[in-house]
1. Please give the per residue accessible area of the chain, computed with a probe of 1.4 Å over protein heavy atoms only, in Å².
2. Return the calculated 222 nm mean residue ellipticity for the chain, to the nearest 500 deg cm²/dmol, obtained by summing -39500 (n - 2.57) across DSSP H runs with n ≥ 4 and dividing by the residue count.
3. Once you keep just the Cα pairs under 8 angstrom separated by 6 or more residues, what percentage relative contact order results for region 110-180?
4. What accessible area, in Å² to the nearest ten, does a 1.4 Å probe give for H94?
5. List the pair-distance distribution P(r) of region 1-111, using every Cα-Cα distance, as the percent of pairs falling in each 10 Å bin from 0 up to the bin containing the longest distance, rounded to whole percents.
6. If I take every Cα pair under 8 Å that is 6 or more residues apart in the chain, average their sequence separation and divide by the length, what percent do I get for the relative contact order?
7. What do you get when you divide the Cα radius of gyration of region 50-112 by 2.2 N^0.38 Å, with N the number of residues?
8. Could you give me the ³J(HN,Hα) list for region 24-34, computed from phi with Karplus coefficients 6.51, -1.76, 1.60 and θ = phi - 60°, whole Hz, x at Gly and Pro?
Amino acid sequence: MTTRYPLLLGLLFSVFWIVLAVSPVSRDVWWAENIPVLMVCAFLAATYRRFRFSGLAYTFMAVWLFLHTVGGHYTFANVPFGWVTDLFGFERNHFDRIAHFSVGFYAFALAEYLQRKRLAHPVVVLALSLTSVMALACAYEIVEWWYAILVGGDAGVEFLGSQGDPWDAQKDMLADTLGAVFTLAVFAAREGRGLFKRTLNDGRVSV
């Protein structure tokens, strides 16, 4: 990975974010949706010189940033995604499910960090990365619930984005989990046998 790639990716996203910050469907929802986006961007910028993720990790993380920014602009239930809905005969807009799937992509970056720093057994690296995403997914659904109750009105409903599905929260968490499983499979395939043949602290790990 060239050192320019994450910088160019960050520049591209910054332009994209600025464009979609103009005249969103609901400014209240836009703020609520973009707080986590700005937090992630700030974290990646602050840690860039201390720890450099791989290009693939930055790409995976960028997918969620782009998708969530689109959802924040339109509100997830109103993203222009009708062609997919019509193509598959869905009863609701499933753009939010895709965005939730991309949340799981952050498991790749976490696994990469733990593996490169040699902080855990390889099996623990994979398990911790998966369960961390699952815990984050649960926490976010709780935040959505609190926000919807606190704000109320159309903004609360749009931020919640359940679209009348009583199992929306559970399906969102499943999508997050499946995204993590997918990227961890990619991570394991990339690392290959080397994932289980490396030094852990001062000793040897063998599986």
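1. 55 Å²
2. Helix contribution divided over all residues of the chain: -24000 deg cm²/dmol.
3. Relative contact order, region 110-180: 32 percent.
4. Estimated to the nearest 10 Å², H94 gives 40 Å².
5. Once binned at 10 Å, the Cα pair distances of region 1-111 give 14, 42, 31, 12, 1.
6. So the answer I get is 23 percent.
7. My calculation over the Cα atoms of region 50-112 gives 1.32.
8. With the stated coefficients, region 24-34 comes to x, 4, 9, 5, 4, 5, 4, 4, 4, 6, 8 Hz.
The values are calculated or read from the model by the stated rules, or taken from the named source; none is laboratory data. Remember, predicted model here, so these are calculated numbers, not experimental data. Cβ atoms come from the backbone with ideal geometry, glycine included; neighbour counts cover every protein chain shown. Ligands, DNA and RNA are excluded from the accessible area calculation, which covers all protein heavy atoms including side chains. Shrake-Rupley method; radii C 1.70, N 1.55, O 1.52, S 1.80 Å.
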